[in-house]
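This report concerns only the one structure given below.
Readers should treat all values here as calculations from the given coordinates under stated rules, not as data from a laboratory. In this text the structure is predicted, and so the values were computed from the model without any measurement. Cβ atoms come from the backbone with ideal geometry, glycine included; neighbour counts cover every protein chain shown.
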Amino acid sequence: MAGVTLSNAVRDNLLSLQSTAKGMSDTQNKLATGLKVRSAVDNPTSFFTAQSLNARAGDLNTLLDNAGLAVQTLKEADEGLTSLTKLVEQAKSTATQALNTKLQATEAEGDVVSISGSVATAGQAIASAGVASTESITINHNGTETVLAISGGATFTDLETDINNITGLSASFADGVLTVEASDGRTVEISGSVGDALGLSGTYTNGVNRDSFVTDFNNLRSQIDQLASDASFNGVNLLAGDDLEVKFNEDGSSSLNIEGVTYNSEELLGDALTNADFEDDAGINAVLSNVDSAISTLRTQASTFGNNLAVVQTRQDFTTNTINVLESGAAGLTLADTNEEGANLLALQTRQQLGSIALSMANQADQAVLRLF
């Protein structure tokens with residue numbers, strides 16, 4: 001109160017109690033918040049240094065999240081490569097099965113041709129078998145149609161020669177029977193008045209060909225295309241030509257650029273197959289060579305992505321440890337030692353009690369003056 005004069009002893013004890021109370025308040029706040037530096041007022045150097053360390057830790061945490069996404073993107077690409085390799089290996093198995101399947105000719109054999117009760121001979125005119133010289137025979141082999149006109153005086157030998165001139169077909173005439181064979185084992189269809197007259201007209205599919213293997217191979221190509229387009233994570237498909245950049249520090253000066261590849265059936269295996277590709281062993285071996293090259297390419301790329309994945313994971317671990325170092329450093333500057341602060345609080349409480357006693361004693365000394373009156 002204004003105008004009240006305190007003795008030196010009372011004033012000193014009162015100031016000491018006020019200081020102790022302030023110390024207890026500060027210590028209680030440190031214990032309650034766990035911080036010894038709560039603002040720049042407490043310790044400007046420690047406060048701003050801790051803020052800087054925590055800010056960098058926060059930035060690295062964001063980069064760590066992006067690195068995690070990059071790891072999953074690489075894992076998805078690796079899974080895609082593994083599956084693509086399996087499909088290409090299936091394609092190789094299909095081609096190998098085709099190679100091991102030997103072609104058997106499709107045979108079209110007519111009835112015995114008789115002329116005046118006698119078996120026709122190779123040199124006899126076809127017209128003598130009751131076929132007009134202006135008629136024809138149509139041969140359709142694997143979708144390719146050839147029309148052979150029967151000219152005046154044409155013999156069975158002439159017909160045999162004409163059929164032999166058709167690619168993939170061979171013919172023979174013996175004992176009055178005309179036999180037509182397709183070396184690739186595919187369908188042969190014979191029609192026309194001459195075919196009817198000689199008993200050849202009809203569709204012949206008794207041979208063995210490799211067409212089904214071509215179909216299976218091309219179906220696998222479609223699956224390769226679909227799988228490659230599905231190997232995407234978070235909108236990035238490293239198997240469809242997308243690139244991926246992984247940043248490892250705040251300013252991007254430390255990063256890894258991962259180049260994507262375009263893997264589809266055309267890139268890996270070339271053009272789609274036609275039946276002609278499996279007509280002979282040389283064609284199949286050429287396909288197998290492409291398949292082996294594709295498998296080698298896929299394995300090499302898998303190794304590349306594997307190396308990239310290892311780098312990203314290593315940097316991910318490093319960034320995690322760096323964040324821990326930064327946060328620990330910031331904590332060392334701002335966090336309170338609860339054990340120490342607890343001991344401080346106990347000491348201040350004891351001091352407060354002693355101060356109260358001292359203040360009481362000082363007041364008693366002042367009160368002794370009253371006894372003089």
Spacing of the two label points (7 Å from each Cα toward its C-beta) at Asp271 and Thr138, in nm: 2.9
For segment 85-188, which trypsin sites (Lys or Arg not before Pro) are both in a DSSP coil and crowded by at most 12 other Cβ atoms within 10 Å? Lys102
State, to one decimal in nm, how far the label point of Thr262 lies from the label point of Glu250, with both points 7 Å from Cα in the Cβ direction. 4.0
In whole angstrom, how far apart do the alpha carbon centroids of segment 103-128 and segment 211-254 sit? 60
Taking a label point 7 Å from the Cα of Gln97 along the Cα→Cβ vector, which residues of segment 202-222 have an amide N closer than 17 Å to it? 208-222
Between rounded, prolate and oblate, where does segment 42-82 land on the alpha carbon gyration tensor, with a ≥ b ≥ c its root eigenvalues, rounded for a/c under 1.5, else prolate if a/b exceeds b/c? prolate
